[in-house]
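*Asks:* I am attaching a structure below and will ask some questions about it afterwards.
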Amino acid sequence: MGVPSDDVVVIRPSPRAGEPTVITVNCPDKRGLGCDLCRIILEFGLSIDRGDVSTDGKWCYIVIWVVPRSGSSRAIHWSSLTERLVSACPSCSVPIYYIPEAKPKNSPVYLLKFICSDRKGLLNDVTYVLTELEHIIHRVKVSTTPDGGVVDLFFITDGRELLHTKQRREDTCERLIEVLGESCQSCDLQLAGPEYEAYQHGFSSLPPAVADELFSSNLSDDDIYSQELVPDLLRLKKSTLSADNSLSPAHTLLQVQCLDHKCLLYDILRTLKDCGIKIAYGRFSSKPKGYCEADLFVVQKDGKKIVDAEEQKALFSRLRMEILHPLRLMIADRGPDTELLVANPVELCGKGRPRVFYDVTLALKLLGICIFSAEIGRHSTPEHRWEVYRFLLDDTPGFPLSNGRARKQILDRVRKTLMGW
């Protein structure tokens, strides 16, 4: 039998300020568990400093060292994080055996609708409250009215699975009204009806030329190692990937060395999960000066080593693209308006990258740029399903959106915020 559920996840807060908090997970194994745990940790505004994972295919033991994200003022609710992590683990009440990846549970979607007066940073303030309350944003429709008002529609699920209770819904609305102040005219939170499906299909399609540029596979290292984003020292360190089949009779050693970013381990584990690669043992660590290393002993879905040269090449190509370009950004003209587009790959299970909407709105808020409207939708290419965030921007003094230099500055600030640089 398994271990008591109280011991599945143990969090030991750091004894001294500045030192990592240690999260230990001890439970039955399933494919993609590490990716699921990373996503939850990132939703709580934490960065992963290093991690160890070991499994025999039936039982796994994972240790993750985490630190608050730089510049984050959010208090971490450790008990809630523990509950969320436990919910992602296979049950310990059954005999130990290898548990394949389960189909994701479909949490009920709720529609949050509020009307208020517009102001700079409004969307980020609302998003901050929702993430603090552990709500997950799936779709957004934000519109500005001619009289300076805003009608916001947020389709959300609850990480705590409590929105079915009247108290949880009331607490969410009260917290939002507190932040919005007297400008809030109404706030309503109810179970979403047919309008959610209608909105999913109503996402305006991307113009072919815009989609071709945004999802182009012809990307170089220079797109990410730019002078504005990282110091010269880091620009000289290109990512390296290698495979070694001589160190283990049953596993391929996959080694990754690259520039660090705040969702890097998630990007690596997400890619391996979607490719059907299983990790038997692994170690990930951030190094000084923004570099990181990962050593992973892996097997394919059939339990065999990766010995075929073409299969190794395909895996390296996929990993390299996901590590260097986990997000796509561009600014395009949309008729007379200026549109910021941000896209990230969606996992095969249908889940997207955490906190993207919050990070983008934070970057625009810090630049003093107003958002006229915003929406989130999905787009498919032969390689991926993408989550696409679209923001129509207002001209701002100091940032004339028709100016190429101003556009580049916006893209650099948004990318730095998303990547944690």
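Since every read-out is calculated from the coordinates, none of them should be taken as a lab result. For clarity, every value in this text was computed on a predicted model and none was experimentally measured. Backbone-built Cβ (ideal geometry, glycine too); neighbour counts: all protein chains shown.
*Asks:* Given that just one value was derived from the coordinates, which of [x] 26.3, 85; [y] 21.6, 74; [z] 21.8, 70 is Rg and Dmax of the Cα atoms in Å?
*Replies:* Working out Rg and Dmax of the Cα atoms in Å from the coordinates points to [z].
*Asks:* Another one. Taking the number of other C-beta atoms within 10 Å as the exposure measure, put 337, 308 in order starting with the fewest.
*Replies:* With the fewest neighbours first, 337, 308 line up as 308, 337.
*Asks:* If each DSSP helix of 4+ residues adds -39,500 (n - 2.57) and the sum is divided by the residues in the chain, what number results at 222 nm, nearest 500 deg cm²/dmol? Let's see the in-between values first.
*Replies:* Values: 11 runs with 123 residues, N = 421.
Taking each H run of at least 4 residues, the total per residue is -9000 deg cm²/dmol.
*Asks:* Could you work out which residue, out of 273, 305, 166, moves most in a Gaussian network model of the chain, that is, has the largest mean-square fluctuation with Cα springs under 10 Å?
*Replies:* So, out of 273, 305, 166, the one fluctuating most is 166.
*Asks:* About the Cα centre of the chain, how large is the charge dipole given +1 on each Lys and Arg Cβ and -1 on each Asp and Glu Cβ? Please answer in debye to the nearest 20.
*Replies:* Values: 53 positive and 56 negative charges, 146 e Å.
It works out to roughly 700 debye.
*Asks:* Also, I was wondering about something else. Which of 255, 140, 397 sits farthest toward the positive end of the charge dipole of the chain, with +1 on the Cβ of Lys and Arg and -1 on the Cβ of Asp and Glu?
*Replies:* My answer, from the dipole projection, is 255.
*Asks:* Exactly which GluC sites (Glu not before Pro) in the range 327-421 are in a DSSP loop and have at most 15 other Cβ atoms within 10 Å?
*Replies:* Hits after loop and neighbour filter: 383.
*Asks:* What number, in percent, do you get for the relative contact order of the range 233-324 if the mean sequence gap of Cα pairs under 8 Å and at least 6 apart is divided by its residue count?
*Replies:* 32 percent
*Asks:* Top mean-square fluctuation among 243, 17, 363, Gaussian network model of the chain, C-alpha springs under 10 Å?
*Replies:* Sorting by GNM fluctuation, first place goes to 17.
*Asks:* I need 179, 298 ordered by Cβ neighbour count within 10 Å, fewest first.
*Replies:* Working: 179 13, 298 21.
The order, fewest Cβ neighbours first, is 179, 298.
*Asks:* Which trypsin sites (Lys or Arg not before Pro) does the range 34-73 hold that lie in a coil by DSSP with at most 13 other beta carbons within 10 Å?
*Replies:* 58
*Asks:* Let me ask another. What shape does the range 233-324 take by its C-alpha gyration tensor, where a ≥ b ≥ c are the square roots of the eigenvalues and a/c under 1.5 counts as rounded, a/b above b/c as prolate, and the rest as oblate? Write out the running numbers ahead of the final one.
*Replies:* Details: a/c = 1.81, a/b = 1.73, b/c = 1.04.
The shape class here is prolate.
*Asks:* Which of the pairs 113/287; 262/408; 305/351; 120/351 have their Cα atoms more than 32 Å apart in this structure?
*Replies:* 113/287
*Asks:* Using a cut-off of 11 Å between beta-carbons, work out the net charge of the residues near residue 365 (Lys and Arg +1, Asp and Glu -1, residue 365 not included).
*Replies:* +1
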